[in-house]
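The values are calculated or read from the model by the stated rules, or taken from the named source; none is laboratory data. Computed from a prediction, not measured in an experiment: that's the story for all the values here. Note that each Cβ is placed from the backbone with ideal geometry, even for glycine, and that neighbours are counted across all protein chains shown.
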Amino acid sequence: MIDVTIENFEQEVIAASLSQPVLVDFWAPWCGPCKALGPVLEKLETAYGGGFKLVKINSDEEQQLAGAFGIRSIPTVILMKNGQPVDGFMGALPEGKVREFLDKHVQALEAEPEEEEAPPEDALDASPEALLERLQHAVATDPANDDARFDYVKALLAAGREPDARRAFEPVANKTGVSRRIDALGRWLDAIAFARAHPNPADEDAKIAANRRDFEARFNRARLLMADQRWTAAMDELLEILMRDKAWSEDLARKTYIAILEIIEPPKPKVAEGQIPPDDPTVATYRRRLSSVVLS
């Protein structure tokens, strides 16, 4: 159980709900029903073995958060998934009723790992080495296939094989101005080179501490985070620039942010004809954040 405030709400609720359901309990110290419900929720968090995360928000102290959720009485419990509220209830329900509520959203997640299914035919070997071999073969047999080359260079960089990645990137290096995906790889490679020449992140941290509007230092810190494959942290740093100067350095922060989205977006899953595959939750969240900043 975690106490949430406006300062840690984004991390502990929004970001956390991208990977598991988050149960938000709005309460107050003077509320008798809240004191009855709280131990039930804490007991069930343990009983469900990580099926959901429980957080508590003191509605008296965090009136901004309570207002954002339209809380009119307490206790009120909200279930968050993928950054959005999906269900909830009010009042101190008995444990059985709370279990019924949770089972609609959490039980299926617990059951999935227990199912033993045969692997799909195209997943004969999902090891990183086998993936690299397949991508290398795809590039060798069709050198003009930029999508395969993007996947190959990306996989090499993710595996820490920078020299091999640079050799594979070289034939398409002149396409950075016309291909967003190739441009993204180029920016990743540049970030790795920058990190090699600037191995001490504390230098940039000190500059930012001295001047929060030192955008060059913030951009350099974002590049160091990119090189370390800490993608969301890098985008958070770039957003700090964009919130203060949307067009800084000829849109450099925005272009780098978009490059990271290209890098981290996973392949779209196969869906039935006529259906639209769902967006990756992290990519969708950070796209919305970029839009809200750029359009504000």
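Please work out which one of (1) farther than 20 Å from ARG287 by Cα; (2) assigned to a helix (DSSP H, G or I); (3) not small (Gly, Ala, Ser) is the condition PRO199 fails and give its number.
Failing condition for PRO199: (2).
Among the residues in the stretch 42-52, are any surrounded by 17 or more Cβ atoms within 10 Å (Cβ to Cβ) and under 26 Å from ASP236 (Cα atoms)? Please lay out each step first, then the result.
The first filter runs over the stretch 42-52 and keeps only residues surrounded by 17 or more Cβ atoms within 10 Å (Cβ to Cβ), leaving 44-45, 48, 51-52.
Then keep just the ones that are under 26 Å from ASP236 (Cα atoms); that gives 52.
Checked the stretch 42-52: at least one residue is surrounded by 17 or more Cβ atoms within 10 Å (Cβ to Cβ) and under 26 Å from ASP236 (Cα atoms).
Output the number of residues of the stretch 127-183 satisfying the condition of being more than 19 Å from ILE260 (Cα to Cα), surrounded by 12 or more Cβ atoms within 10 Å (Cβ to Cβ) and over 27 Å from the mean Cα position of the chain (by Cα).
Residues in the stretch 127-183 being more than 19 Å from ILE260 (Cα to Cα), surrounded by 12 or more Cβ atoms within 10 Å (Cβ to Cβ) and over 27 Å from the mean Cα position of the chain (by Cα): 13 in total.
Among the candidates VAL24, VAL13, which residue alone is surrounded by 13 or more Cβ atoms within 10 Å (Cβ to Cβ), in contact with a Phe, Trp or Tyr (Cβ under 9 Å, 6 or more places away or on another chain) and not assigned by TED's automatic domain parsing to the domain that holds ASP280? Please lay out each step first, then the result.
Working: VAL13 fails: in contact with a Phe, Trp or Tyr (Cβ under 9 Å, 6 or more places away or on another chain).
Exactly one of VAL24, VAL13 is surrounded by 13 or more Cβ atoms within 10 Å (Cβ to Cβ), in contact with a Phe, Trp or Tyr (Cβ under 9 Å, 6 or more places away or on another chain) and not assigned by TED's automatic domain parsing to the domain that holds ASP280, namely VAL24.
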